[in-house]
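S.K.: Mind having a look at this structure? Questions to follow.
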Amino acid sequence: MSTFVEECRREWKRLGVPDLIAEEMATDLSADLEEAEAEGVAAEHVLGGGASDPRRFAADWAQARGVVTAQPETSRRRAWLIAAVSAVVLAAGAATAIALLAVGQTAPKTLTAPAVPTVQEPTTVSVTVPNMIGQTETDAIAETRAAGLRVTTVLVSPTSQRSGTVISQLPAPGTVVSRGATLRLRIAGQPPANTKTHP
Amino acid sequence: MAAESRRTQMLKGVLDLCLLAVIEDEPAYGYEMTKRLRDRGLSTVGEGSIYPLLGRLERDGLVETHRVASDGGPPRKYYRASPVGRRTLSEGALAWREVRGEVDAVLAPVEPEVKA
């Protein structure tokens with residue numbers, strides 16, 4: 001299994017994982033695989049489907065830990081595409097403003113064209129679902145949107161949890177989903193009749 | 001859907017809870033967690049492995065880690081549930097029981113096929 005760990009090391013190097021972190025991961029993985037082998041347990045039991053694809057395994061692990069620093073090919077293409085689309089939107093917005101001025105109307109404060117997004121360079125189309133449990137509904141909604149997800153809320157009552165806070169969520173924190181996926185939050189509503197409401 | 005991949009899909013929603021559950025009281029390193037899961041009754045974790053999941057749990061603050069020197073070997077990384085992780089676990093266990101009950105109710109009349 002030493003070649004498996006070597007392949008992982010190489011992949012982490014390619015992904016720009018900091019040396020110290022890559023070394024730690026390699027050490028832990030080696031030790032786990034050795035122990036499993038000594039107990040007669042197949043590598044698949046430790047690595048799952050990743051046993052046959054060290055590069056994919058290493059990449060998934062590094063991505064999940066958030067330690068990838070090298071920018072993959074696809075994000076450069078995406079960044080170019082966003083820049084191109086933004087330029088078109090800008091042009092369309094400018095054209096609209098000019099057209100309205102020409103008709104003799106004051107340019108509206110907000111253009112009908114959508115706001116030009118800041119050119120971001122996302123490194124991935126997937127999002128790790130954050131943990132919203134215990135947060136206030138307002139904070140949770142803002143954070144969820146900031147994370148690139150949609151959000152729906154359901155009020156649950158009666159409940160002993162503090163009113164207006166998130167009781168539970170689906171998917172669970174840590175789940176990897178696509179950008180734009182929906183995070184469902186269950187918010188504490190009315191407390192039971194015999195408890196005080198918080199101001 | 002292939003049996004193995006359905007199992008993987010089903011576990012996707014609860015594997016994090018299972019991991020948190022086996023490190024709720026006593027910290028463990030990676031392979032040790034696999035063994036605890038097996039001992040508690042989870043025979044395999046499906047097609048995935050626990051490492052990326054542990055990475056996400058750590059990133060989201062649901063587990064805390066520390067390194068412990070092992071006899072004669074390099075220091076190993078130990079994981080344990082954080083306070084947030086514990087809360088997530090108990091909420092998650094509640095949600096699981098709800099879903100399990102509902103699905104069981106829907107599937108109750110279904111006769112499982114007996115494999116030849």
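The values are calculated or read from the model by the stated rules, or taken from the named source; none is laboratory data. Every value quoted in this text rests on a predicted model; they were computed, and no experiment measured them. As a convention, Cβ positions derive from the backbone with ideal geometry for all residues, glycine included, and neighbour counts pool all protein chains shown. Side chains are part of the model used for accessible areas, which takes the heavy atoms of the whole protein and leaves out ligands, DNA and RNA. Shrake-Rupley method; radii C 1.70, N 1.55, O 1.52, S 1.80 Å.
S.K.: How many percent of DSSP beta bridges within the protein assembly as shown run antiparallel, rounded to 5? Could the numbers behind the result be given before it?
M.R.: On the way: 16 of 23 bridges.
So the antiparallel bridges amount to about 70 percent of the total.
S.K.: Return the long-range amide H neighbours of residue A:187 (sequence gap of 5 or more, or a different chain), with a cut-off of under 5 Å between placed amide H atoms.
M.R.: The list, which skips near neighbours in sequence, is A:154, A:155, A:156, A:167.
S.K.: Along its principal axes, what span do the Cα atoms of segment B:25-99 show, with the longest given first and each in whole Å?
M.R.: 47, 27, 21
S.K.: Next question. Leaving out same-chain residues fewer than 8 places away, which aspartates and glutamates sit with a Cα under 15 Å from that of residue A:13?
M.R.: Excluding near neighbours in sequence, the set is A:23, A:24, A:60.
S.K.: Which percent of the accessible area of the protein assembly as shown is formed by carbon and sulfur heavy atoms (probe 1.4 angstrom)?
M.R.: Carbon with sulfur: 56 percent of the solvent-accessible area.
S.K.: If you take the Cα atoms of segment A:129-176, find Rg, then find the Kirkwood Rh from the mean of 1/r over all pairs, what is Rg/Rh? Can you show the working numbers first?
M.R.: Working: Rg = 10.5 Å, Rh = 11.1 Å.
Rg/Rh: 0.95.
S.K.: Right, something else. In square angstrom and rounded to 100, what buried accessible area do you get between chains A and B, total over both, with the probe at 1.4 Å? List each step's numbers first, then the result.
M.R.: Numbers: alone 13120 and 8170 Å², together 18510 Å².
The summed interface area works out to 2800 Å².
S.K.: In Å, the Kirkwood hydrodynamic radius of the protein assembly as shown over pairs of distinct alpha carbons?
M.R.: Numbers: mean 1/r = 0.0441 Å⁻¹.
Final number for the Kirkwood radius of the protein assembly as shown is 22.7 Å.
S.K.: To the nearest 10 square angstrom, how much accessible area does residue B:10 have with a 1.4 angstrom probe?
M.R.: 130 Å²
S.K.: Then there's this: Order the following by accessible area, largest value first: B:103, A:166. Probe radius 1.4 Å; ligands, DNA and RNA are ignored. Could you put the intermediate results ahead of the total?
M.R.: Numbers: B:103 70, A:166 5 Å².
Output order, biggest surface exposure first: B:103, A:166.
S.K.: Convert each backbone phi in segment A:26-38 into a coupling constant with the Karplus relation 6.51 cos²θ - 1.76 cosθ + 1.60 (shift: θ = phi - 60°), then list the ³J(HN,Hα) values in order as whole Hz, x for Gly and Pro.
M.R.: 5, 4, 5, 5, 4, 4, 5, 5, 4, 5, 4, 4, 4
S.K.: Under a Cβ-Cβ cut-off of 11 Å, what is the net charge of the residues other than residue A:151 that fall near it, where Lys and Arg count +1 and Asp and Glu count -1? Don't jump to the answer; show the numbers that get you there.
M.R.: Working: positive: A:145, A:150, A:184; negative: A:137, A:143.
Local charge sum for residue A:151: +1.
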